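Step one of this worksheet: look at the structure below.
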């Protein structure tokens, strides 16, 4: 479910976003049986949806037999409670869906800590109302119900858990900082791969460094950062790091919790922005990555742009031909500075990418 503003551009963005939401749902292991987009000036504060669309969704319940309704924006605690009360099914939002995927994909101790912290920070404001069936009306002496006591207990427990998780992640951050200091003393440059989720960063790292990182054609297939040694054409050695992918409407709790991981980008000597050129939403995905990099104060970091999956734009399965590939690109892409055409899966254009990295680092 999504709400789009009443203008053409926002409508297009909503359709692209809900298509992405369907891919996220598949990654989480659920089956999509229906999609709805409502055009409203602003979402309803009470139910997110307008009254008519909510009634339509409720009327479709017997026909579609849905068990979960997923919304494309982050719902307020009140919106979520009202929707679950009306629809009588589980209701989750985009943020909760992404957190669920992260929890499934995290493999390292650090990754699990970061995801658990983000989940608790997401849950904390949504505790209100969990124990509403135990609350008592009225005020004064003798009217403090067990609901209030239970709610306060839960809040206190979650606050303590958040505090412990932050302390553990801070230890991880300090360990990373010491590792980076040692790395800097040895004068080893770091090249960090950044980009939208499923743009091919892990596949590119495998191709360049002869690594064997798990890859899959799904959003957030890999979550934990991975670093490998890479020898450049001039025989110098760098460390190449694969970082967590970005996505539209990335929950703020994720950005906060993954601060220790994202600090690797701040310490990197060079960023390689990997773009899925075959995606219909490549331009919007690039803009999302640029916005997040700006928020992280990384906009001015030296950068190479790797336009990946160029093989999917070439007709048939003919051999790599850069002139033919260039014809697939817009004039704007051709004019981009420090841009290289690559296919990580076919290993096309890797020499050109390494040459660009070598030239900038030198």
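Read the figures in this text as sums done on the coordinates, not as results from a lab. Just so it is clear, the structure is predicted and the values come from calculations on it, not from any experiment. When we count neighbours, we look across all protein chains shown, and the Cβ atoms used for this are built from the backbone with ideal geometry, even at glycine.
Points 7 angstrom from Cα along the Cβ direction at residue 68 and residue 175: gap in nanometres?
3.1 nm
How much FRET efficiency would the formula 1/(1 + (r/R0)^6) give for residue 164 and residue 296, where r is the Cβ-Cβ distance and R0 is 22 Å, rounded to 0.05?
The pair residue 164/residue 296 has a calculated efficiency of 0.25.
Please list 278-286, 20-28 highest first by mean number of surrounding beta-carbon atoms within 10 Å per residue.
20-28, 278-286
Take each of the peptides 206-213, 295-302, average the number of other beta-carbon atoms within 10 Å over its residues, and list them starting from the highest. Show your work: numbers first, answer last.
Working: 206-213: 16.1, 295-302: 13.0.
Ranked from most to least packed, the peptides come out as 206-213, 295-302.
Where does each of 269, 253 land when they are ranked from fewest to most other beta-carbon atoms within 10 angstrom?
269, 253
Arrange 1, 78 by Cβ neighbour counts within 10 Å, fewest through most, would you?
Ordered from fewest to most neighbouring Cβ atoms within 10 Å, 1, 78 come out as 78, 1.
What is the antiparallel percent of DSSP beta bridges lying wholly in the range 2-100, to the nearest 5?
Working: 1 of 8 bridges.
The antiparallel fraction comes to roughly 10 percent.
Sort the following peptides by mean Cβ neighbour count (other Cβ atoms within 10 Å, averaged over residues), highest first: 237-248, 35-46.
Result, highest mean Cβ count within 10 Å first: 237-248, 35-46.
Classify the range 2-100 as rounded, prolate or oblate, taking a ≥ b ≥ c as the square roots of the eigenvalues of its Cα gyration tensor: rounded when a/c is under 1.5, otherwise prolate if a/b is larger than b/c and oblate if not.
Because its axes are fairly even, with a/c under 1.5, the range 2-100 counts as rounded.
Mind jotting down the distance between the C-alpha centroids of the range 16-71 and the range 84-105, whole Å?
Here the answer is 12 Å between Cα centres.
Mind giving me the nanometre distance, one decimal, between the label points for residue 78 and residue 280, set 7 Å out from Cα along Cα→Cβ?
3.7 nm
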